[in-house]
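Colleague: To start, I am sharing the structure in question, which I have written as structure tokens.
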Amino acid sequence: MQKKIDLPLNHSDIVSLKAGDRVLLSGVVYTARDAAHKRMYEQEEMGMPLPIDLTNQVLYYVGPTPEKPGEVIGSAGPTTSSRMDAYTPKLIAKGLKGMIGKGYRSDEVKQAIMNHKAVYFGAVGGAAALISRSIKSSEVIAYPDLGTEAIRKLVIENFPVFVINDVYGGDIYIDGTTKYKRENE
């Protein structure tokens, strides 16, 4: 069964999620990759305001390809999340409640997820064209000089993800490996 969640995230949605849950997200997400994360981190360090209010928001780690005529966006598959790990705990502390990407997260990020009641979602890599069908609009809102790494505001509908890390310390990568080993001993 898939859960449907309307964004922005709220506390009751976050605490209801467990590692492994399949979720369909609808609402607004913001894109941010390596360069945007670095710039936001530097702005925060200098006491400058961030270009977006992160409170209860979700960041999607994606650098979409240019859209074809008549399309909202090009291919929009997730990028490797660990590249953002140096910046993520600080952004979570600023109110960020969700991230979408692929791959493992550092212990520091997982601890910040638990401490601040956030969630890390995985999107299926290799399905970028299919995922882009769930994106209904796309608008560059910050750092246009970064090209595909600019921060975009996306409106999504029934965007398919699964929970990788939950507020209880669940980690689908670790839990799944442990379960597999137990079943195959």
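Colleague: Suppose we filter Val167, Val119, Val72, Val124 for residues that are touching a strand residue (DSSP E or B) at 6+ places or on another chain (Cβ under 8 Å), modelled with pLDDT of 95 or more and surrounded by fewer than 22 Cβ atoms within 10 Å (Cβ to Cβ); which single one remains?
Modeller: Unique residue meeting the criteria: Val167.
Colleague: Now for a different question. Take the range 155-173 and flag every residue that is part of a strand (DSSP E or B) and not hydrophobic (A, V, I, L, M, F, W, C).
Modeller: Correct list: Glu157, Asn158, Pro160, Asn165, Asp171.
Colleague: Looking at the range 120-149 only, could you name the residues that are farther than 23 Å from Ile14 by Cα, within 15 Å of the chain's Cα centre (by Cα) and among the hydrophobic types (A, V, I, L, M, F, W, C)?
Modeller: Ala128
Colleague: Hey, another quick one. Where residues in the range 1-55 are part of a loop (DSSP other than H, G, I, E, B) and acidic (Asp, Glu), which of them is farthest from Val119 (Cα to Cα)?
Modeller: Out of the qualifying residues, it is Asp53.
Colleague: Based on what the data block shows, is Gly176 of a type outside the set (A, V, I, L, M, F, W, C) and either on the phi > 0 side of the Ramachandran plot or outside any helix (DSSP H, G or I) (or both)?
Modeller: no
Colleague: Take the range 67-85 and flag every residue that is touching a residue at least 40 places away in the same chain (Cβ under 8 Å) and of a type outside the set (Lys, Arg).
Modeller: Result: Glu67, Glu71, Val72, Ile73, Gly74, Ser75, Ala76, Gly77, Pro78, Thr79, Met84.
Colleague: Mind telling me which of the residues Val58, Val29, Val15, Val23 ends up being of a type in the set (A, V, I, L, M), more than 12 Å from the chain's Cα centre (by Cα) and buried (at least 16 other Cβ atoms within 10 Å of the Cβ)?
Modeller: Val23
Colleague: Here's a follow-up. Please count how many residues of the range 139-154 are surrounded by fewer than 17 Cβ atoms within 10 Å (Cβ to Cβ) and assigned to a strand (DSSP E or B).
Modeller: Of the residues in that region, 4 qualify.
Colleague: Can Tyr41 be described as at pLDDT below 95, buried (at least 16 other Cβ atoms within 10 Å of the Cβ) and not charged (D, E, K, R)?
Modeller: yes
Colleague: Still on this structure: Quick test of your reading of the structure: Asp34 fulfils all but one of (1) touching a residue at least 12 places away in the same chain (Cβ under 8 Å); (2) closer than 26 Å to Gly170 by Cβ. Name the failing condition by number.
Modeller: If we test Asp34 against (1) touching a residue at least 12 places away in the same chain (Cβ under 8 Å); (2) closer than 26 Å to Gly170 by Cβ, just (2) comes out false.
The values are calculated or read from the model by the stated rules, or taken from the named source; none is laboratory data. As the structure is a computational prediction, the values presented were derived from the model and not from experiment. Cβ sites come from the backbone with ideal geometry, for glycine too, and all protein chains shown count toward neighbours.
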